[in-house]
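Undergrad: What follows is a structure written as C-alpha cells; I'll ask about it next.
Coordinate-derived values only; no laboratory data. Just so we're clear, the structure is a prediction, and the values are computed from it rather than from any experiment. With ideal geometry, Cβ positions are generated from the backbone for all residues, glycine too; neighbour counts draw on all protein chains shown.
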Amino acid sequence: MRIDDVVRFSIKSLSAYPARTALILLAMVISIASVIILTSLGEGARLYVTGQFRSLGSHLLFVLPGRTETTGGLPPIFGTAPHDLTIDDSIALAHSVLIERTAPIVIGAADVSYGSKEREVTVIGSSHNLKNVFELKVAKGRFLPDDDIYRSDRVCVLGEKLHKELFGHRDVVGEWVRIGNYRFRIIGILAPRGASVGIDMSDAVMIPTPTAQMLFDRPALFRIIVKAKNKQALPRAEQEILDTIRIRHGGEADITIIRQDAMISTFDNILKTLTWAVGAIAAISLIVAGILIMNVMMVAVSQRKSEIGLLKALGAPTHQVMRIFLSEALMLSLSGGVLGLIFGLASVPLINYLIPDFVLQTPVWSIFAALATAIATGLIFGSIPALKAARLNPVTALSGK
Amino acid sequence: MISLHDICREFQVGDERVRALDHLSIQIDRGEYMSIMGASGSGKSTLLNILGLLDMPSSGSYRFEEKELTRLDEEECAAFRREKIGFIFQSFHLIPRLSAYGNLELPLMLKGIPPHERREMIVKALGDLGLSNRANHLPKELSGGQQQRVAIARAMILKPPLLLADEPTGNLDTHSGREMIEILESLGEQGVTLLIVTHDPQLGRRARRQILMRDGQIIGDTRSVLA
Ligand SMILES: Nc1ncnc2c1ncn2[C@@H]1O[C@H](COP(=O)(O)OP(=O)(O)O)[C@@H](O)[C@H]1O
Ligand SMILES: [Mg+2]
C-alpha cells in the first residue's frame, strides 16, 4: 500500500469520529505547547542570568581570602584565613603587566538615614577602580576619589534605587546623609542599569575602603576584584596572583580565585539543566496524552474488528494492518504536536508582550525535541493497539465477535 | 484447479474439541459453478474460509493450481487472497465511512495501484453492476441489493479466478437475492470459478454442481452421481 493511501485512509478514519479526534488533539496540543513555553522560560532565565554576569564587566577574577580544597568550589564560609587580604595586597596585584587594575572590596550593612527616613543598606567599601571594573556609570556628581586609596574620607556614592527611595528625584550631590554613626557627604549618584547578579549596586551605597574598614571595624578585605588586561591573560594572571600572594603571605597562597567566566559557565550549566528538567516535566504530560491515544485506539480496534477482517480478506498482510493503525496514531500525535508547536510558539511572544520584564526565549532544540516526543508518543502508544489489530484472526474478526 | 485431500479442522471450545471439517476431500475444476448446502453448523463457512486461506486446516492437504498452500506463511497467504480470491459475505462488509467508490478502491490500494489508474477500473466496475450514479453514496444510503452489488464489484475488481460467496443472499429479499445470483452466474459465464454457500434450495439447485454437507463431511455431490 502506498504511503499517501495509508495517510488518506487514516484521515478518513479519524474524521469519522470528530469528537474523539478533537479530544486527543487537545491533549497533545496542551502537552507540546507547555513543553515549548516551559523550555522558553528556562532558556529565558539562562540568558538573563548569564547576561547579568557578563554585564558585571569583562575578564574579571575574584580573589577571596582562604583556600578551598577542591578547585572551583565555593570559598570557605567558616574558618579564618591565616592572612587577611589587605589594601596593600590589592595594590601589589595591580603591579602585574597582565592586570589592568584591581579594586578592593569591603562589604557590610548599615543603617542609612536622611531626615526621618531610615533603612538598612548594603555598604560597599571600595576604590575609584570599582567604577571601571564593574563598568558603572555615574548619573550625577562623581565616583569615589582616585587620589589616595588610604584616605578615609566620609564621602559616599548612592545607588540609583537607594537615591530615589531616600530623596525622590532631587539632586542631592553635596548634601549629607547618615551612615551608621557617621555623616557622609554625597558626591555622586549612579546611573540606573539592569539588576545585577550578586550585589545590587543600585540599592547600595559606596564609600572609600578605609572608611568602610573603620565603619565596620574590620581590617580585612572581603575580596579583591582583579581585571585582567584581556581574556588571554586570565590563566597567567591567575598564576601570578597566586605567586604574589604567596610571597606576601609568608609562603602560602591562602586565597581562592574565582574566574568570572567559570561562574558564568556554572550558572549556564545549572540553568541549562533546569531548562531540560522543566521541559521533561512538561513532556510527562505527553504520557497522559499517549495513554489517551492508546485508549481511544483500543476502542477503535474493537469497534472496527469487521473492517480489519475485511482488510485481511482483501489480502492485507499483518504488517499492512499494523501500518494503517499506527499511521492513525501517528497522525493524531503529529498533528497535535504541530498544532501545539504553533500554539506554544505563538504564546511566547504574547507572554513577552504581557510580561515585558522577563524575556522568554525558545531554544531551537526544544522545537525538535517537542516534535520528536510527539512522534515517539504516537509510535509507542499507537503500537499496542496496532499490534492488537494486526493479530486479529480474520475469521473471528469478520464475524464481529 | 483445487484439490482438498483429507482436510480436518478442529476447534477447541472449552474442554471439547469440535470437528468442523471431518476428513473432507474434494476436487474443483476451473470455471465450475458449485453450490454448497447443508444445515447450520455443518461446516460450510469453515470450508469456504479454508479455501480462501482465511483459515488453515488442522490437517490435510490443500493444493491450488498444483501448489500446496497449507505451508504458506502469513504474508504469502495474504498475497494469495489478494491475487486469487474474491470474497462475498452475507453482511456485505462495506466500510461504512467510505463511499461506494472508496470501498472499491480498497483492493486496488492494497495492491499498490496508483490513483490515476484506479479511477478507470472503478468507474468500469461500477458501470458493469449498474451503480454508475451511486459512486459517491455511502453504504447507508444504498439498498441491501445495491450494497451487495458494491461488494461484488469490490470482490471482482482485480479479476480473481475464484469467487467465494458465503450466503450472499442471506440478508436480501427474494427478488434481490435472485438478482444477485444472476449477477454471480454471469461472472461464472465469464470463466470465474463460483462457490456459493446458500440456505435456499431454489438458488442452490441453479448450480451445475451441488454439494450437501453434514457434520463436517460431504454427504452429497451431484458430480459424483453423474460420474
Ligand atoms: N472459531 C470457531 N471456534 C469454535 N468453533 C467453531 C468456530 N468456527 C466454527 N466452529 C464450529 O464449527 C462448526 C461448523 O461451523 P460453520 O463452518 O460456521 O458452519 P456453517 O457455516 O455450515 O453454519 C460449528 O459447530 C461451529 O460451532
Ligand atoms: Mg456459515
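Undergrad: Spelling out what I want: for every residue of segment A:30-43, take phi, set θ = phi - 60°, compute 6.51 cos²θ - 1.76 cosθ + 1.60 (Karplus), and round to whole Hz; glycine and proline get x.
TA: So the J values, rounded to whole Hz, are 4, 4, 5, 4, 6, 4, 5, 5, 5, 5, 5, 4, x, 5.
Undergrad: A further question on this structure: So how do A:277-283, A:180-186 stack up, highest first, on mean other-Cβ count within 10 Å?
TA: Highest mean packing first, the order is A:277-283, A:180-186.
Undergrad: Which residue, B:ASP200, B:ASP173, B:ASP15, tops the fluctuation ranking in a GNM of chain B built on C-alpha contacts under 10 Å?
TA: Among B:ASP200, B:ASP173, B:ASP15, the largest GNM mean-square fluctuation belongs to B:ASP15.
Undergrad: If I fit a long axis through the Cα atoms of helix B:74-84 and take the longest principal axis of the Cα atoms of chain B, what angle between them do I get, 0 to 90°, rounded to 10?
TA: 60
Undergrad: How much length would be gained if the chain were fully extended between B:SER91 and B:GLU16, taking 0.36 nm per residue of separation minus their Cα-Cα distance, in nm to one decimal?
TA: 24.1 nm
Undergrad: Once amide H atoms are built 1.01 Å from N in the peptide plane, which residues 5 or more positions from B:GLN217, or in another chain, come under 5 Å H to H?
TA: Here the answer is B:ASP22, since their amide H atoms fall under 5 Å of that of B:GLN217.
Undergrad: Next question. For segment B:56-126 and segment B:6-25, what is the separation of their Cα centres, given in Å?
TA: Computed from Cα coordinates, the inter-centre distance equals 27 Å.
Undergrad: Same structure again: Can you tell me which of B:ARG71, B:ARG82, B:ARG206 moves the most in a GNM of chain B? Springs connect C-alpha atoms under 10 Å apart.
TA: Sorting by GNM fluctuation, first place goes to B:ARG71.
Undergrad: Another question about this same structure. Amide H of A:LEU85 versus every other amide H placed in the peptide plane: which residues, excluding those fewer than 5 positions away on the same chain, fall under 5 Å?
TA: HN-HN under 5 Å from A:LEU85: A:LEU221.
Undergrad: Given R₀ = 22 Å, what would the calculated FRET efficiency be for B:HIS137 paired with A:TYR17, taking r from the Cβ atoms and rounding to 0.05?
TA: Approximately 0.60, to the nearest 0.05.
Undergrad: Grab the Cα-Cα distance for A:ASP88 and A:ILE284, subtract it from 0.36 nm times how many residues apart they are, and report the gain in nm with one decimal.
TA: So the chain would gain 64.8 nm between A:ASP88 and A:ILE284.
Undergrad: To continue, here is another question. Could you line up A:LYS161, A:LYS312, A:LYS131 from fewest to most neighbouring Cβ atoms inside 10 Å?
TA: Result, fewest neighbours first: A:LYS161, A:LYS131, A:LYS312.
Undergrad: On average over all directions, what projected area in square nanometres does segment B:1-77 have, based on the convex hull of its Cα atoms?
TA: If you wrap the Cα atoms of segment B:1-77 in a convex hull and average its projections, you get 5.7 nm².
Undergrad: I've got another one for you. Per-residue Cβ counts within 10 Å, from other chains only, averaged over B:106-113: what number is that?
TA: 5
Undergrad: Karplus couplings for segment B:184-194 from phi (6.51 cos²θ - 1.76 cosθ + 1.60, θ = phi - 60°), rounded to Hz, Gly and Pro as x?
TA: For segment B:184-194, the Karplus curve yields 4, 4, 5, 5, x, 5, 7, x, 6, 6, 10 Hz.
Undergrad: Restricting to chain B, what percent of DSSP beta bridges are antiparallel, rounded to 5?
TA: Here the share of antiparallel DSSP bridges comes out near 55 percent.
Undergrad: Given the C-alpha centroids of segment A:99-161 and segment A:310-327, what is the distance between them in whole angstrom?
TA: One Cα centre to the other: 78 Å.
Undergrad: While we're here: Just check segment B:55-128 against the gyration tensor rule for me: Cα atoms, a ≥ b ≥ c as the square roots of the eigenvalues, rounded for a/c under 1.5, and otherwise prolate or oblate depending on whether a/b exceeds b/c.
TA: prolate
Undergrad: Return the percentage of antiparallel bridges among DSSP beta bridges fully within the protein assembly as shown, rounded to the nearest 5 %.
TA: In the protein assembly as shown, approximately 65 percent of DSSP beta bridges are antiparallel ones.
Undergrad: Still on this structure, please answer the following. Could you tell me what % of all Cα pairs in chain A have separations over 26 Å?
TA: Summing the P(r) of chain A above 26 Å gives 66 percent of all pairs.
Undergrad: For segment A:83-253, give the share of DSSP beta bridges that are antiparallel, in percent and rounded to the nearest 5; count only bridges with both residues there.
TA: Around 75 percent antiparallel, to the nearest 5.
Undergrad: Output wanted: per-residue J couplings in Hz (rounded whole) for segment B:142-151, from phi through Karplus 6.51 cos²θ - 1.76 cosθ + 1.60, θ = phi - 60°, x for Gly and Pro.
TA: Listing the rounded values in order: 10, 6, x, x, 5, 4, 5, 5, 4, 4 Hz.
Undergrad: Angle, helix A:260-303 long axis vs. longest principal axis of chain A, Cα atoms, 0 to 90°, nearest 10?
TA: Helix A:260-303 sits at roughly 20 degrees to that axis.
Undergrad: May I ask you to work out the translational diffusion coefficient for chain B at 37 °C, viscosity 0.692 mPa s, via Stokes-Einstein with Rh from the Kirkwood sum over Cα pairs, reported in whole µm²/s?
TA: Value of D from the Cα-based Kirkwood radius: 180 µm²/s.
Undergrad: When you look at the Cβ of every residue in B:79-87, what mean number of other chain Cβ atoms sits within 10 Å?
TA: For this peptide, the per-residue mean of nearby foreign Cβ atoms is 3.
Undergrad: Specify whether the C-alpha gyration tensor of segment B:80-161 places it in the rounded, prolate or oblate class, a ≥ b ≥ c being the square roots of the eigenvalues: rounded for a/c under 1.5, otherwise prolate if a/b is larger than b/c and oblate if not.
TA: oblate
Undergrad: Using only Cα atoms and rounding to the nearest 10 degrees, what angle (0 to 90) does helix A:364-390 make with the longest principal axis of chain A?
TA: 30
Undergrad: If you don't mind, there's one more thing I want to ask. Mind checking B:45-58 for the average number of partner chain beta-carbons within 10 Å of each residue's beta-carbon?
TA: 2
Undergrad: Relative to the Cα centre, what is the charge dipole magnitude of the protein assembly as shown, using +1 at the beta carbon of each Lys and Arg, -1 at the beta carbon of each Asp and Glu, and rounding to the nearest 20 debye?
TA: Value, rounded to 20: 960 debye.
Undergrad: Another question, if that's okay. Classify segment A:270-384 as rounded, prolate or oblate, taking a ≥ b ≥ c as the square roots of the eigenvalues of its Cα gyration tensor: rounded when a/c is under 1.5, otherwise prolate if a/b is larger than b/c and oblate if not.
TA: Note, shape of segment A:270-384 comes out prolate.
Undergrad: Would you calculate a helix-derived [θ] at 222 nm for the protein assembly as shown, using -39,500 (n - 2.57) for each DSSP H run of n ≥ 4 and dividing by the full residue count, to the nearest 500?
TA: My calculation for the protein assembly as shown gives -15500 deg cm²/dmol from helical runs alone.
Undergrad: In addition: At a temperature of 25 °C and a viscosity of 0.890 mPa s, determine how fast segment B:130-227 diffuses translationally according to Stokes-Einstein, using the Kirkwood radius over alpha-carbon pairs as Rh; express D in µm²/s, rounded to the nearest whole number.
TA: 166
Undergrad: Give the Rg (one decimal place) followed by the Dmax (whole number) of segment A:83-253, computed from C-alpha coordinates and expressed in Å.
TA: My reading of the Cα-based Rg and Dmax gives 16.6, 52 Å.
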